[in-house]
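The values are calculated or read from the model by the stated rules, or taken from the named source; none is laboratory data. As the structure is a computational prediction, the values presented were derived from the model and not from experiment. Cβ placement follows ideal geometry from the backbone for every residue including glycine, while neighbour counts extend to all protein chains displayed. SASA here: full protein model, heavy atoms, side chains in, ligands and nucleic acids out. Shrake-Rupley method; radii C 1.70, N 1.55, O 1.52, S 1.80 Å.
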Amino acid sequence: DYAEAFYNRGVALKELKLLEDALTSFDKAIDLRPDYAKAFNNRGTALQELKRLGDALASYDRAIALKPDYAEAVYNRGNTLQELKRLDDALASYDRAIALKPDYANAFNNRGNTLQELKRLDDALVSYDKAIAFKPDDAHAFNNRGNVLKELKLLDEALESYDKAIT
């Protein structure tokens, strides 16, 4: 009846891609400690990998209800909403995650991806630039930035971004 051990076991199983087993461990941790926000968050990421997106959202929502300032759960919720193509909701989640953690490079990057899907290319560039400012070696952000610049027909700048992504 040691919730932390079940949680850690779930994390290890998730890393091994034994997602159903990970869920069982997270559920046991939650049974033992119903206020375990981290277990709900990691349960959500396992559910998301299993493409059980509605269940993942519910798990993130529970984590956030337990810990309203849980930036990672808010960010993960945004990722699920983006996967569901609920882009405005995803954008709101990323904005909230950034409000909670202003230097959250991954949230800025995924915010940029959402803005790009919404065809708000100038805003997407701003988000990618912020992601890069907080994480200067982020190849994904440089690549994504290059894609927006290419879409804007700024090919020389796009090449610079791609070069930074691969070096």
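Within the stretch 91-127, which residues are more than 19 Å from Phe40 (Cα to Cα), among the small types (Gly, Ala, Ser) and open to solvent by less than 30 Å² (accessible area, probe 1.4 Å)?
Ala105, Ala107, Gly112, Ala124, Ser127
Going residue by residue through the stretch 149-158, is there one that turns out to be under 23 Å from Gly44 (Cβ atoms) and open to solvent by 30 Å² or more (accessible area, probe 1.4 Å)?
no
For the stretch 103-148, enumerate the residues that are farther than 13 Å from Leu87 by Cβ, part of a helix (DSSP H, G or I) and among the charged types (D, E, K, R).
Result: Asp122, Asp129, Lys130, Arg145.
When you look at Gly146, is it under 16 Å from the mean Cα position of the chain (by Cα), at negative phi and touching a residue at least 12 places away in the same chain (Cβ under 8 Å), yes or no? Working first, answer last.
Working: under 16 Å from the mean Cα position of the chain (by Cα): no; at negative phi: yes; touching a residue at least 12 places away in the same chain (Cβ under 8 Å): yes.
It is false that Gly146 is under 16 Å from the mean Cα position of the chain (by Cα), at negative phi and touching a residue at least 12 places away in the same chain (Cβ under 8 Å).
Scanning for something in a helix (DSSP H, G or I), closer than 30 Å to Leu50 by Cβ and of a type outside the set (A, V, I, L, M, F, W, C), does the stretch 149-167 turn up at least one residue?
no
Write out, first by first residue and then by second, each pair whose Cβ atoms fall under 9 Å of each other, whose residues are 6+ apart or on separate chains, and whose first residue, in the stretch 20-42, is under 12 Å from Tyr70 (Cα atoms) while the second is in a loop (DSSP other than H, G, I, E, B) and of a type outside the set (D, E, K, R).
Ala37/Tyr70; Lys38/Tyr70; Asn41/Tyr70
Is there any pair with a first residue in the stretch 59-78 that is open to solvent by less than 70 Å² (accessible area, probe 1.4 Å) and a second that is not aliphatic (A, V, I, L, M) and not in a helix (DSSP H, G or I) whose Cβ atoms are under 8 Å apart and which are 6 or more apart or on different chains, and what are they?
What qualifies is Ala63/Tyr70; Ile64/Tyr70; Leu66/Asp35; Leu66/Tyr36; Ala71/Lys101; Ala71/Tyr104; Ala73/Lys67; Tyr75/Tyr104.
Identify the single condition in (1) touching a Leu at 6+ places or on another chain (Cβ under 7 Å); (2) of a type outside the set (D, E, K, R); (3) closer than 15 Å to Asp163 by Cα that Pro136 does not satisfy, given that it satisfies every other one.
Answer for Pro136: the failing condition is (1).
Filtering the stretch 31-58 down to residues that are in contact with a Phe, Trp or Tyr (Cβ under 7 Å, 6 or more places away or on another chain) and basic (Lys, Arg), which residue is surrounded by the fewest Cβ atoms within 10 Å (Cβ to Cβ)?
Lys38
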